[in-house]
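To start, the structure itself, in structure tokens.
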Amino acid sequence: MSFFTSSNLDLAREIVGRYPRPRSALIPLMHLAQEQHGWVSVDAMRQIADLCGVTAAEVKGTGSFYEMFKFHPVGSYLINVCTNISCMLLGGEELLEHAQYRLGIAPGETTEDNMFTLEEVECIAACTEAPCLQVNYRYRLRVSNTDFDSLLDRIRSGAEPDLSKHGTLTNVRQQIPIDRVANIVPPEHAREMPVWLHRNEASTTQAVN
Amino acid sequence: MPTNDYVAHAPGYVNNEGPKLVTKRFEYADSFTLQRFLATDGYTGLRTALTKRPVDVHNEVRGATLLGRGGAGFPAGIKWGFLPPGKYPYYLVVNGDESEPGTYKDRLLMERDPHQLIEGCLIACYALGLSQCFLYVRGEMALAQERIAQALNEAYEAGYVGRNILGSDFSVDIVLTWGAGAYIVGEETALIESLEGNRGMPRLKPPYFPAAIGLYGQPTIVNNVETLANVGWIMANSAEQYRAYGSETSPGTRMFAISGHVRRPGVYEVQHGVTTFRELIYGDNFCRGIRDGHELKTFIPGGGSAPWFFEEHLDLPLEAGPVGAAGSMLGSGAIVVMDETTDAVKAALRVVQFFARESCGKCTPCREGTRWEEQILERIVAGEGRPSDIDLLLDIADNISPGPYPVAAHHAQGLEAVPFPPKQTTICPLGPSSVAPIASTIRRFRHEYDAKITKRDPIPLRIEVLA
């Protein structure tokens, strides 16, 4: 039985086709699995293995290196509080403490209603806007304790419709029109010098329309 | 509170006075659209490049002395020249895995002006005959991924990317790919491993440059986002005009993120090599000094990996040479400012903790050593430290990145500074980077360590061996 829905399976095959070697699609397909299911299940890893031409163990082996991939269910909203140096200087640790108190969970845990998972994370590149956090990888900057409380309230009451459920990173996906693809082939089929480099042999420059 | 100098649609960016090369479109709310890009000279650099021979385009970039903006500061034009002739295909990998503590400029460039980056990629591919480009964006940067995907879709549709670009014989595909949360993937060989579908662990050197052996074993150019973002401007104008900004050895502008205890933290585009740390931290056009009623204690000049600087370094220019000679680095353009309220030991612990968590585990000195450093610092901060802990820390540091370190024995020889660039017993600089905050703080704030260390060393266990 297929783990991927039929439209996602088509998409998965298209993603595999964008790389000179199928194994390169392994991480993108794990993101796709997580988008469909919220986390990466064993069934997902088996199918990704088939699509990429590797074993399921290799999928787990690669995937487990990366902290964004979850191999067990997490809450619909993943709250990542940064406590790295710039955030620490301006209250990141206090914000994390407040988050634990409000959610009643420790970092790495999920609330009983499966709504929130809390994590303490390393620098998320918004250092001048400390302390900061991400909800499902969308930024909230210069977050005070009150800001945090109202964020929870808004999520609970459905007032943050722009936040997708955990697993969905973006609303826009790259699409390469079939007739616009230049040439995506394995390296052994691309040993020729790219045609435009022949211009180097010309003594004069060329016009372009 | 943000002042009106902040740009509402680009939180963190400060639109101050001064030349704008890569952030010139940030003032527009729709700076990320193809429409705005084209209305503001977008893809002019690509059009200009396509009228020239590829080798001339390469020479123009070489002539601009465009220094790499990822951390090492290696000239891009020279790196491009390392491709071995005839070993096709060549690949371009764009390093958008910005994760260094304190750093964020690539994220803004990707979110606010994705077409500028795409244009830079295209020009590099044209100049060098690169067959395919992979734009590797950090997994946690969802908005950047969205904006780049949107921009690539527009650019493919409009004929700027893909087959027969602008009707010419130049064809190249750009594929957007996301990371999934691992700092070490910012190391270029680890990035290539990740792109090949593996755990992101750095490769053994040599070869030192992926230009020799890179993606799928093929010659590969790995460039930072900000580096490529400059390329379009250079082609649309000229190397000569580019060199009119910045200093002789570090031309152009550079983006710096200044965070921590300053009045106006932010991301600024700054003339490279000319501006000093003092201007950046205290200048009216920049951060406007330390927050009210406080004074500077120390600052990190180049991201979490850099040895720390102090009051006496403020007048150094933002240029690799002088900063390197003073024992640190500009790194990825991240300055973290700490005032006198900061607990130096705790701050060092937090940076070390980062490296301990992000160590990929390939090399033993880093995998074990960073964790030990973290544990020892943790117990010192918790008031459980022992007098021998400082020597122990320096001994572990010496095993990851051989010294000399600021221990008493070296004072007679005048060896006080942290050795820089660090020597390493590891494949990549992650482990050695963990030594920077430890050596910097022990050297300067030893009294803070001593004040926290109240316990005595445990009595050594003696085992009588019977004859």
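What follows draws every value from the coordinates through simple rules; no lab data is involved. Keep in mind the model is a prediction, meaning the values are calculated, not measured. Note: ideal-geometry Cβ built from the backbone for every residue, glycine included; neighbour counts use all protein chains shown.
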### Task
Calculate one ³J(HN,Hα) per residue across region B:95-100 by plugging θ = phi - 60° into the Karplus curve 6.51 cos²θ - 1.76 cosθ + 1.60, and present them in order as whole Hz with x for glycine and proline.
8, x, 9, 4, 9, 5
## Note on the structure
Ordered by number, the GluC sites (Glu not before Pro) in region B:1-90 that occupy a DSSP loop and have at most 11 other Cβ atoms within 10 Å are B:17
### Task
Convert each backbone phi in region A:89-106 into a coupling constant with the Karplus relation 6.51 cos²θ - 1.76 cosθ + 1.60 (shift: θ = phi - 60°), then list the ³J(HN,Hα) values in order as whole Hz, x for Gly and Pro.
4, 10, x, x, 5, 5, 5, 5, 4, 4, 4, 4, 5, 5, 8, x, 9, 8
### Task
Rounded to the nearest 0.05, what FRET efficiency do residue B:40 and residue A:55 give with R0 = 60 Å and r taken as the Cβ-Cβ distance? Could you check?
0.75
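To the nearest 0.05, how large is the calculated FRET efficiency for residue B:274 and residue A:1 if R₀ is 45 Å and r is the Cβ-Cβ distance? Don't jump to the answer; show the numbers that get you there.
On the way: r = 64 Å, r/R0 = 1.42.
Plugging the Cβ-Cβ distance into 1/(1 + (r/R0)^6) gives 0.10.
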### Percentage relative contact order, chain B, counting C-alpha pairs under 8 Å, at least six apart
15 percent
#### Entry: Cα shape, region B:34-181, gyration tensor, a/c 1.5 rule
oblate
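Using only alpha-carbon positions, what ratio does the radius of gyration of region B:253-379 give when scaled by 2.2 N^0.38 Å? Each step should come with its number before you reach the end.
Working: Rg = 15.6 Å, N = 127, 2.2 N^0.38 = 13.9 Å.
The value comes to 1.12.
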### Task
Express in nm, to one decimal, how much length is gained between residue B:340 and residue B:326 on full extension, taking 0.36 nm for each residue of separation and deducting their alpha carbon distance.
2.8 nm
### Task
Of the listed pairs B:87/B:362; B:297/B:452; B:52/B:105; B:297/B:346, which have alpha-carbon separations greater than 22 Å here?
B:87/B:362; B:52/B:105
### Summary
Output row, site residue A:179, 7 Å Cα→C-beta label point, backbone N cut-off 13 Å, window region B:134-163, residues B:157-159, B:163
### Message
If I require 15 Å or longer along the helix axis, counting alpha carbons, and a Kyte-Doolittle average no lower than -0.5, what helices from chain B are left? Use full DSSP H segments.
### Response
B:114-128, B:142-157, B:225-236, B:344-358, B:389-400, B:430-444
### Message
Just to be sure I understand the model, the point goes 7 Å from the Cα along the line to the Cβ. What's the resulting residue A:113 to residue B:55 distance in nm?
### Response
6.9 nm
### Message
For a quick check: with amide H placed at 1.01 Å from N, whose amide H comes under 5 Å from residue B:266's, ignoring anything fewer than 5 positions away on the same chain?
### Response
B:258
## Note on the structure
The long-range amide H neighbours of residue B:18, using H built 1.01 Å from N in the peptide plane and a cut-off of under 5 Å, are none
### Task
Would you please give the residues with an amide H less than 5 Å from that of residue B:161, counting only those at least 5 places away or on a separate chain, with H modeled from the backbone geometry?
B:156
### Query
Once the other residues with Cβ under 14 Å from the Cβ of residue B:69 are scored (Lys, Arg +1; Asp, Glu -1), what is the net sum?
-4
### Message
So if the hydrodynamic radius of region A:77-156 is defined as the Kirkwood radius over C-alpha pairs, what does Stokes-Einstein give as its diffusion coefficient at 20 °C and 1.002 mPa s, in µm² per second?
### Response
176 µm²/s
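How do A:137, A:66 line up, fewest other C-beta atoms within 10 Å first? Provide the component values of the computation, followed by the final result.
On the way: A:137 23, A:66 19.
Placing the least packed residue first, the sequence is A:66, A:137.
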### Partner aspartates and glutamates for residue B:205 [C-alpha distance under 16 Å; skip if fewer than 8 residues away on the same chain]
B:187, B:188, B:193
### Summary
Mean-square fluctuation maximum in Gaussian network of chain A, Cα pairs under 10 Å, restricted to A:73, A:194, A:20, hits A:194
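Rg(Cα) of chain B divided by 2.2 N^0.38 Å?
Details: Rg = 23.3 Å, N = 467, 2.2 N^0.38 = 22.7 Å.
Ratio of Rg to 2.2 N^0.38 Å for chain B: 1.03.
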### Query
What longest range of chain A stays clear of loop-exposed trypsin sites (Lys or Arg not before Pro) (DSSP non-H/G/I/E/B, at most 14 other C-beta within 10 angstrom)?
A:1-164
### Task
Could you go through region B:203-209 in sequence order and give the Karplus-derived ³J(HN,Hα) for each residue, using 6.51 cos²θ - 1.76 cosθ + 1.60 with θ = phi - 60°, rounded to whole Hz, and x for Gly and Pro?
8, 5, 9, x, x, 6, 10
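Between residue A:144 and residue B:8, what FRET efficiency follows from the Cβ-Cβ distance if R0 is 25 Å, with the result rounded to 0.05? Show your work: numbers first, answer last.
On the way: r = 19 Å, r/R0 = 0.76.
Result of the calculation: an efficiency of 0.85.
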### Message
If I model a spin label at residue B:465 and residue A:153 as a point 7 Å from the Cα along the Cα→Cβ vector, what separation in nanometres do I get?
### Response
7.1 nm
### Message
I need the fraction of alpha carbon pairs in the protein assembly as shown separated by more than 46 Å, rounded to a whole percent.
### Response
16 percent
